[in-house]
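> I have a structure here, written as structure tokens, and I will follow up with some questions on it.
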Amino acid sequence: MADFETPVLQKYPVIPSITIDAMKDSAPFVAKPEHQDPLGFPGELVDDWKDRAIEKMGELLGKYRSFQVYLDSCVKCGACTDKCHYFLGTTDPKNMPVARQDLLRSVYRRYFTFAGKYFPKLVGARDLTKEVLDEWYSYFHQCSQCRRCSVYCPYGIDTAEISMAAREILDSVGVGQKYCNEIIAKVHKVGNNLGLPEPALKDTLEGLEEDIEDDTGVKVRLPLDEKGADILLITPSADFFAEPHIDGLIGYAKVFHEAGVSWTLSSYASEAANFGMFIGSYENMQKVAMRIREAALDLGVKRIVHGECGHAWRVAYSFWNTLAGPFDFLDPNYPVPQHICEFTYDLIQKNKLRFDKSQNDHRVVTFHDSCNVARATRMGDKPGGQFEIPRAIIKTVCNNYVDMDPDTIKEGTYCCGGGGGLLTDDLMEIRVKGAMPRMQALNEVVEEHGVTNMAAICAICKSQFTKVLPYYKMGMDMIVSVHQLVSDALILTGQEVDDDEADEDAA
Amino acid sequence: MSALSVSYVILFYAAIGILVVGLGSRILRYVKTPAPLKIPTMPAPVTKSGVVMRLGREVVFFESLFKSNKWTWIFGWLFHVSLLLAFFRHLRYVIGPDNILGMLIGLEIVQSFGKYASYTMVIGLLGLLGRRLFVERVRYISSPSDYLMLLLLLSIAATGMLMTFVSHIDIMQLRDFAVGLFILQPANVPDSPLILIHLALVALLMIIFPVSKLLHAPGVFFSPTRNQVDNAREQRHIADWAVPLDETRGNK
């Protein structure tokens, strides 16, 4: 299947011994000039790259307090060394968060600190060389910016901040990552990661309307570019395209239908994902986010609801107001943006949705907290709502639910292994190995509780698991959307409930 | 004054100067550098008082480290608490017994806690050193300076213990020296080798503070993942350098 070995799942989590340079050859395809230009980056490695990299580092030190404070504060206590899924899966010590940071911190010390300038050996400072630059390119693309390390750091040092800065420095000297930069350019041009133009989108949505009607006998609409609708739905473009994402989209449509609200998608802003975050580019992230503001104004909507996507929800929840706000033209009675889970949960609380839970009786479900949702956002009014609300929804629509090992969920959740711009086939080895800790915890509940499905609320998680589950001898269709579960149990008004069919499914 | 005393006075004024100016300028840099985006590690407090509590737990109990690794937590916490207790004990060298603070410091409980804290301090430091030497992952990330820092602290603790438990020095003279520094009337330093080593190492610690990983002390208070309120949806947060981008960011 591949030229690397899939890790063997242990019965219990194990902290492995280190294997020096185990992943030194892992690196994604480098962006070509045509991927770099639209983002405002040099097309290839510039001649004076060293000076420019140092200059860029200095600029970022002045712009981001996180970067400055985190480079200074690490005491090398080792608290993070066993926390990264990529270290646990690869055993390469440079995948320990502190060691990953040190790839850059060593250069920071050499050029920006007294100790590193005069006593480099003593404090582990080193010159910036081409080898160091290559090492950055390799190992800062073995970080999914999932922030698990930051939970356990006594100073809250967030490796995501360091890896974003590193990628921005790399981009600024002409060494970009093809996958991310090509996609961002597509969003700038077409409006979504997949490059789906308006007619294709329209076709897809019409097809889905027919599917729902065939399935339920009820006409549920998936409107596109409808001016004057109350709600603009911003969702990852994977929802228009692939299983199990698309079943989630059907779920949102049914929920909107039952809520009786008018809503629309936008062909101009047909993407929730914002890969500008992955490459640490404020400007590109802002440019992508602005499409959503523009679409909301053009369509004259009153609210924005956000579909199932992890990093996108981080950008939306934490950054939209900064990048594209203020959203004072929207209805102040609703949060901006509102997560689809918040929306559905609210309706459940108000008893506005009817469910036939038995429709999900053939499943035993567990929930994968997506890293960005868990550690970088919230849902509802209370801290931790991002854990409780999706679980409450699942338990409302499913009879059989179990959680995975407490160390691997909620704020301690493991990344799927494909986040942070790594969801590309040229990084398959790191993706498979990085998924190991999640696969281990999943395998545990499969064996102990007969779990059949893992639900997620992130397009990257869903795509990643679809791809890596088979490596671990589990079915790719184990992964489902939370709103797929909602969709399967939701009874639409006027829907003919076929009792026989329900019984069959339960059997 | 002896040449030795003169050099110690100069050493201490230099050390204090470097510590204050170095640390001050570093903190100023942290204050002036904006955090352009909301990045608290969630779940995070939704109010400012909640953030004060979170930082308080982090500083007093090392909450995150506790979640991470119990051994590192025990040794690290033991060391820091011991350092604080020893610090209280040392205040008697600069604060007289004729005021309320001085009376508190003079209390038997403060003095003996400070005294025996030296044991727990050494245990903590040896534990941390042990982890650095014997845990493969921690050894991998350690630089010479990481070991030297522990050895420096151990040496300070050891010389202090020797003076407390084995070979006493003239503490009245030490007090005169310490007070003299503060009231700008330098006095002779006691000429016992132990105190001279102890003082020199402390001065060294003060000097390297602003240029070393000891910056974690101010750093924790400026860590955006720990000190930000979770209110991104409710309040627009924008850095000065990003304000002009609002003008050029798009059509609307």
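> Compute the accessible area per residue over chain A, keeping the other protein chains in place, probe 1.4 Å, unit Å². Provide the component values of the computation, followed by the final result.
Working: 17270 Å² over 507 residues.
Here the residues of chain A average 34 Å² of exposed surface.
> Calculate the mean, over all residues of peptide A:320-327, of how many other protein chain Cβ atoms lie within 10 angstrom of the residue's Cβ.
Average neighbour count from other chains, rounded to a whole number: 6.
> Beyond 25 Å, what share of the Cα-Cα pairs of the stretch A:33-176 remains, rounded to the nearest whole percent?
More than 25 Å apart: 25 percent of the Cα pairs in the stretch A:33-176.
> What's the FRET efficiency of B:ALA3 with B:LEU133 using the Cβ-Cβ distance as r and R₀ = 45 Å, to the nearest 0.05? Each step should come with its number before you reach the end.
Numbers: r = 40 Å, r/R0 = 0.89.
Given R0 = 45 Å and the Cβ-Cβ separation, E is 0.65.
> Ok, one more. Using only helices, what value at 222 nm comes out for chain A when you add -39,500 (n - 2.57) per DSSP H run of length 4 or more and divide by the total residues, to the nearest 500 deg cm²/dmol?
-13500 deg cm²/dmol
> Round to a whole number: what % of the accessible area of the protein assembly as shown belongs to carbon and sulfur, probe 1.4 Å?
The computed percentage sits at 59.
> Here's another thing I want to ask about it. Over chain B, with the other protein chains present, what is the accessible area per residue in square angstrom, probe 1.4 angstrom?
50 Å²
> Shifting gears a bit: Do any residues of the stretch B:137-162 lose at least 10 Å² of accessible area when the full set of protein chains is present rather than just their chain alone, and if so which, with a 1.4 Å probe?
Residues losing area: B:ARG137, B:VAL138, B:TYR140, B:ILE141, B:SER143, B:PRO144, B:SER145, B:ASP146, B:LEU148.
> What helices in chain A pass both tests, a Cα length along the helix axis of 15 Å or more and a mean Kyte hydropathy of 0.0 or higher, using whole DSSP H runs?
A:159-172, A:245-259, A:385-397
> About its Cα centre, how strong a charge dipole does the protein assembly as shown have in debye, to the nearest 20, once Lys and Arg get +1 and Asp and Glu get -1 at the Cβ?
Dipole about the Cα centre, nearest 20: 4080 debye.
> Please name whichever of A:TYR268, A:ASN321, A:CYS77 sits farthest to the positive end of the charge dipole of chain A, dipole taken about the Cα centre and charges placed at Cβ: Lys and Arg +1, Asp and Glu -1.
With unit charges placed on the Cβ atoms, the residue in question is A:CYS77.
> To one decimal place, what orientation-averaged projected area in nm² is obtained for the convex hull of the Cα set of chain B?
Its Cα hull, projected and averaged over all orientations, spans 18.5 nm².
> Same structure, new question: Could I have the simple spin-label model distance between A:GLU226 and B:SER112, label points 7 Å from Cα toward Cβ, reported in nm to one decimal?
Modelled inter-label distance: 8.0 nm.
> Could you list, in their original order, any pairs among A:LYS56/B:LYS213; A:LYS56/A:LYS130; A:LYS186/A:LYS254; A:LYS24/A:LYS433 whose Cα atoms are separated by more than 20 Å? Let's see the in-between values first.
On the way: A:LYS56/B:LYS213 23 Å; A:LYS56/A:LYS130 16 Å; A:LYS186/A:LYS254 30 Å; A:LYS24/A:LYS433 14 Å.
In this structure, A:LYS56/B:LYS213; A:LYS186/A:LYS254 lie more than 20 Å apart at Cα.
> Report Rg(Cα)/(2.2 N^0.38 Å) for the stretch A:387-495, keeping two decimals.
In units of the globular-protein estimate, the stretch A:387-495 measures up at 1.11.
> In Å², nearest 100, what accessible area do chains B and A bury in total when the solvent probe is 1.4 Å? Before the final figure, lay out each step's value.
Values: alone 15900 and 20180 Å², together 29990 Å².
Buried area (both sides, nearest 100 Å²): 6100 Å².
> For the stretch B:49-76, list whatever residues lose no less than 20 Å² of accessible surface once every protein chain is in place, relative to that chain by itself, with the probe at 1.4 Å.
B:SER64, B:LEU65, B:LYS67, B:SER68, B:THR72
> Using label points projected 7 Å from each Cα along Cα→Cβ, tell me how many nm separate A:SER262 and B:SER167, to one decimal.
Result for the modelled spin labels: 9.1 nm.
> Right, here's the next one. Enter the mean projected area of the convex hull around the alpha-carbon atoms of the protein assembly as shown, in nm², rounded to one decimal.
35.4 nm²
> Let me ask another. If you place +1 on the Cβ of every Lys and Arg, -1 on the Cβ of every Asp and Glu, and leave all else neutral, what size is the dipole of the stretch A:56-130 about its Cα centre, to the nearest 20 Debye?
220 debye
> Applying 1/(1 + (r/R0)^6) with R0 = 22 Å to the Cβ-Cβ distance of B:VAL31 and B:GLN235, what FRET efficiency is obtained, to the nearest 0.05?
With R0 = 22 Å, the Cβ-Cβ based efficiency is 0.60.
> Out of all DSSP beta bridges with both ends in chain A, state the antiparallel percent to the nearest 5. Present the calculation step by step, with values, prior to reporting the outcome.
Numbers: 2 of 18 bridges.
So the antiparallel bridges in chain A amount to around 10 percent.
> Next up: How big is the charge dipole of the stretch A:1-105 about its Cα centre, in debye rounded to the nearest 20, if each Lys and Arg gets +1 on its Cβ and each Asp and Glu gets -1 on its Cβ?
Details: 13 positive and 16 negative charges, 123 e Å.
So the magnitude is around 580 debye.
> Show the residues, 5+ positions off or on another chain, whose built amide H is closer than 5 Å to the amide H of A:LEU224.
Amide H neighbours of A:LEU224: A:LEU265.
> Give me the residues in the stretch A:397-428 whose solvent-accessible area, probe 1.4 Å, is reduced by at least 10 Å² once all protein chains are included instead of the chain isolated.
For the stretch A:397-428, once contacts with the other chains are taken into account, A:GLU411 lose 10 Å² or more.
> Local charge sum around A:HIS245 (other residues, Cβ-Cβ under 10 Å, Lys/Arg +1, Asp/Glu -1)?
-3
> Please work out the FRET efficiency for the pair A:LEU45 and A:ASP127, using the Cβ-Cβ distance as r and a Förster radius of 25 Å; give the result to the nearest 0.05.
Result of the calculation: an efficiency of 0.90.
The values are calculated or read from the model by the stated rules, or taken from the named source; none is laboratory data. Just so it is clear, the structure is predicted and the values come from calculations on it, not from any experiment. Using ideal geometry, Cβ is built from the backbone for each residue, glycine included, and neighbour counts are taken over all protein chains shown. Protein only, heavy atoms only, side chains kept; ligands, DNA and RNA dropped before computing areas. Shrake-Rupley method; radii C 1.70, N 1.55, O 1.52, S 1.80 Å.
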